[in-house]
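Beneath this line is the structure, given in C-alpha cells, with notes to follow.
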Amino acid sequence: MINYTDPELFMQYPFTYNSSVTDNFESNFTSGGFTTFRTGTTTITGDAWGTILLPSGSYANALRVKYIITTKDSLTLGTVLTSVLTSYNWFVTGKKFPVFEIIYTSYSVNGIPITNSKVVNYNLGTVIGVTNISNETPDKYKLSQNYPNPFNPSTILAFEIRRSGFVSLKVHDMLGKEVADLVSSDLSPGTYKYDFNASDLSSGIYFYTLKVNEFIETKKMIFNK
C-alpha cells in the first residue's frame, strides 16, 4: 500500500484547451522489506484541439491532454530510480476514456539512463453520432432522404449497409466544398442513422453522399435557419 503524505493529482476541473495544472506529490511504501520514498511532479496541459482521424472514424472537437509525470523513488539502499512519463491523450464528448493515447516512458538509475518505452492505446469504440437502428442485414444499400427537410438546425440521415466495409458519409455545399465529414469508419451490415447538426453552417442547399464498397449515392437537403 502506498501512503501519500501529499496525494498525486490526475485532473482538475474545469479543464479545456490551454488549461494547465502542475502538482507535486510525495509518498512512501514498503516492498520486500525495503522502504521507498517517492516524490514527483505532474504537469497536465490541454495543448491541442481539433479533429483526430482514426480507423474507426473521425472525431471532431477532440481535446488533446498532455501529461508529464516525473517520479523519483529513493530506496533505503541508496538507489534512486527516476521515471519520466510523457503521454498524449485525445478526449471527445461522449467517451469516458481517451479514443487514442501515446505514452513515452524513460527510466534511469542514479542518473544513468537504462531503458525507454513507447505504448500506443487505441479505443475501438463506435463512431460518435452514428446510431445502429437494426443489425438485420438489408437486401441492398440505401441512402434515405433526410428528415425533416427543410430542417433547422438538425436532421436525420439514415442509411443501410448490405456488406461490411469502409463507410464514408460527407456533406458538401453547392460549390462542391466539403463542409462536414460525418462518418469515416468500418461498419457492419445493418441500418444506421446520423443526427446531423448544421448550426455552424449558413442557410442553403447542401448535398450528402454515402460511399461504401461499390455503392455511391448523393441526396439534397435544405438548411433553413
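Things worth noting here:
- In this label model, Lys72 and Asn3 are separated by 2.2 nm, measuring between points 7 Å along each Cα→Cβ vector.
- Put the Cα centre of segment 47-125 next to the Cα centre of segment 146-225 and the gap is 35 Å.
- Peptide ranges 27-38, 163-174 listed from the most packed, as the mean C-beta count within 10 angstrom indicates: 163-174, 27-38
- Structural descriptor for the chain: relative contact order 13 percent, calculated from alpha carbon pairs under 8 angstrom and at least 6 residues apart.
- Its Cα centre serving as origin, segment 130-223 has a Cβ charge dipole (Lys and Arg +1, Asp and Glu -1) of approximately 200 debye.
- Pairs from the list Lys95/Lys219; Lys193/Lys219; Lys177/Lys220; Lys118/Lys211; Lys96/Lys220 with a Cα-Cα gap above 26 Å: Lys95/Lys219; Lys118/Lys211; Lys96/Lys220.
- Most positive-pole-ward Cα, Ile205, Ser58, Ser188, against dipole of the chain from beta carbon charges: Ile205
- Relative contact order %, segment 130-223, counting alpha carbon pairs below 8 Å whose residues are six or more apart: 34 percent
- When the Cα gyration tensor is reduced to axis lengths a ≥ b ≥ c, the ratio a/c is 1.5 or higher for segment 130-223, and with a/b above b/c it is classed as prolate.
- Extension gain, Phe97 to Phe29, is 21.6 nm, computed as 0.36 nm per intervening residue step minus the present C-alpha separation.
- Cα-centred dipole magnitude for the chain, charges only on beta-carbon of K, R (+1) and D, E (-1), debye, nearest 20: 500 debye
- A value for Cα extents along the principal axes in Å was derived from the coordinates, and within the list (1) 72, 37, 28; (2) 62, 44, 41; (3) 65, 49, 40 it appears as (1).
- Magnitude of the charge dipole, segment 3-122, Cβ model with Lys/Arg +1 and Asp/Glu -1, debye to 20: 320 debye
- Amide H partners (placed H, <5 Å) of Ser164, local residues excluded: none
All of the numbers you see were taken from the coordinates with simple rules; none came from a lab. Since we're looking at a predicted model, the values are computed, not measured. A quick note on method: Cβ atoms are made from the backbone with ideal geometry, for glycine too, and the neighbour counts reach across all protein chains shown.
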